[in-house]
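Engineer: Quick one: structure below, then a few questions.
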Amino acid sequence: MTALQPRCFSGVQPTGNLHLGNYLGAVSRWVPMQDVMPTIFCVVDMHAITAGFPNATELTNATREVTAAFIAAGIDPKRSVIFNQSQVKEHAELAWIFNCVARMGWLNRMTQFKDKAGKNSENASVGLFAYPNLMAADILAYRATHVPVGDDQKQHLELTRDIAQKFNNDFAERILELGLGSPNPVPSPESPEQIYLPLPEPMIAGPAPRVMSLRDGTKKMSKSDPSDLSRINLADDADMIAKKIKKAKTDPEPLPGELEGLKGRPEAENLVAIYAALAGKTKDAIIAEFGGQPFSVFKPALAELAVERLAPLNAEMARLMADPAEIDAVLKNGAEQASAIAEPVLRDMRKIIGFLDVR
Ligand code: TRP
């Protein structure tokens, strides 16, 4: 009866370019977690086929590119487990078990499915519908306790907790009988005192920026925006970064003297937020520095800062992408470490469920 150990898990889909929004909102925030607890970071290639199979070569490349971005951003393969999901079979196996734990009614409430499937939900893949069960499996195959995610994934994390809780409750007696329980850190009238699966904590990005499109300050920066000028890709070099900032949409007014003055000026607010995040300062501090200045002054300063922060990352990504064997070696090692954690968990879970083990 050992206590559940803290462990951090998160994932990013290998679809197209990682951009500044992914970096500031996700990957850069994972880096300090490495000092706090064991960390696992996954390139979720099995999630990347739920909305249609991407071109095979592009999927392979994107998997390496996201891995390169992790490493370039400061995820250290010596301290963190870095791997791609499809290499560790336990994800698929546990996802099936969770297909039988989660209720149709729970999944029917997922807003991301509704957004992605749109009006034509009859034609969406079953995988897109079951996506949150796979995400729960990603996390719980490692009995992870902490999951840094963006606001848009909060509902999926709540579902993960519901799945863990239902499994713990439905199998409470078996878990006790087999001696596989750990003390429940959050006992409640509905949940047993001994549990097998932790209820993972979402770590929602704190004061961090929602990075918006450079062409429309009311839309999120997105890899699917048809205009490449709308985003700063982590693979963009210095000239491209400077060009995109120069071309970013603004209004004709200079920056306001107070934070309040950014209200109703989404493009100005976005650029100030990006500057603040890249500088590691508050938006107030940026307004104090640049209030009253025209964009002809602010944009070059922002371009210089963005290049200073992102160019080394870009250079390291380019170096890694030129040596796919090095990336693949990191992923191979990571997959082995990940399997070593997930295999015993699945062995326990099969035993709890009662699958006959004859091997
Ligand atoms: N669904 C997440 C996203 O789109 C990616 C993801 C998959 C994930 N599995 C995960 C994030 C497990 C955290 C933990 O952003």
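Engineer: Can you tell me which residue in the range 150-160 is farthest from the chain's Cα centre (by Cα), limited to those that are near the ligand (Cβ under 10 Å from one of its atoms) and open to solvent by 20 Å² or more (accessible area, probe 1.4 Å)?
Structural biologist: Step by step, filter the range 150-160, then rank; the result is D152.
Engineer: Test of understanding: among L24, L20, which residue is closer than 17 Å to A235 by Cβ, out of contact with any strand residue (DSSP E or B) (no Cβ under 9 Å at 6 or more places or on another chain) and open to solvent by less than 20 Å² (accessible area, probe 1.4 Å)?
Structural biologist: Matching residue, one of L24, L20: L24.
Engineer: Is it the case that the range 230-237 has a residue that's in contact with a strand residue (DSSP E or B) (Cβ under 7 Å, 6 or more places away or on another chain), open to solvent by less than 60 Å² (accessible area, probe 1.4 Å), closer than 14 Å to L302 by Cβ and part of a loop (DSSP other than H, G, I, E, B)?
Structural biologist: Yes, that holds for at least one residue.
Engineer: Also: Only residues that are more than 15 Å from the ligand (Cβ to nearest atom) and in contact (Cβ under 8 Å) with a residue 60 or more places away in the chain: list them for the range 68-85, please.
Structural biologist: A68, I71, A72, A73, P77 - these are the residues of the range 68-85 that are more than 15 Å from the ligand (Cβ to nearest atom) and in contact (Cβ under 8 Å) with a residue 60 or more places away in the chain.
Engineer: Could you go through the range 39-54 and let me know if any residue there is more than 25 Å from N133 (Cα to Cα) and not basic (K, R).
Structural biologist: no
Engineer: So, in the range 86-116, of the ones that are of a type in the set (F, W, Y) and within 13 Å of the ligand (Cβ to nearest atom), which residue ends up surrounded by the most Cβ atoms within 10 Å (Cβ to Cβ)?
Structural biologist: It comes out as F98.
Engineer: Determine whether A144 is touching a residue at least 24 places away in the same chain (Cβ under 8 Å) and touching a Leu at 6+ places or on another chain (Cβ under 9 Å).
Structural biologist: no
Engineer: Tell me, yes or no, whether the range 19-33 has at least one residue that is in contact with an Asp or Glu (Cβ under 8 Å, 6 or more places away or on another chain) and in contact (Cβ under 8 Å) with a residue 12 or more places away in the chain.
Structural biologist: no
Engineer: Also, I was wondering about something else. Take the range 124-149 and flag every residue that is open to solvent by 10 Å² or more (accessible area, probe 1.4 Å), within 8 Å of the ligand (Cβ to nearest atom) and of a type in the set (A, V, I, L, M).
Structural biologist: L134, M135, V149
Engineer: Now for a different question. If you check A69 against the conditions, is it outside any loop (DSSP other than H, G, I, E, B), under 21 Å from G25 (Cβ atoms) and of a type outside the set (D, E)?
Structural biologist: yes
Engineer: Identify, from the list K119, K166, the residue that is modelled with pLDDT under 95, more than 14 Å from the ligand (Cβ to nearest atom) and either of a type outside the set (A, V, I, L, M, F, W, C) or closer than 27 Å to L197 by Cβ (or both).
Structural biologist: From the options K119, K166, the qualifying one is K119.
Engineer: Okay, next question. Filter the range 68-85 for residues that are within 21 Å of Q153 (Cα to Cα) and polar (S, T, N, Q); which is most open to solvent (accessible area, probe 1.4 Å)?
Structural biologist: Selected residue: N84.
Conditions (1) within 12 Å of the ligand (Cβ to nearest atom); (2) polar (S, T, N, Q); (3) over 19 Å from I71 (Cβ atoms); (4) assigned by TED's automatic domain parsing to the domain that holds N333, marked per residue:
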| site | (1), (2), (3), (4) |
| --- | --- |
| A3 | no, no, yes, no |
| N22 | yes, yes, no, yes |
| P38 | no, no, no, yes |
| V43 | yes, no, no, yes |
| T50 | yes, yes, yes, yes |
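The values are calculated or read from the model by the stated rules, or taken from the named source; none is laboratory data. Note that the coordinates shown come from a computational prediction; the quantities given were computed from them, not determined experimentally. In this analysis, Cβ positions are derived from the backbone assuming ideal geometry, glycine residues included, and neighbour counts consider all displayed protein chains. To get the accessible areas, we keep the full protein, side chains included, count just its heavy atoms, and leave off ligands, DNA and RNA. Shrake-Rupley method; radii C 1.70, N 1.55, O 1.52, S 1.80 Å.
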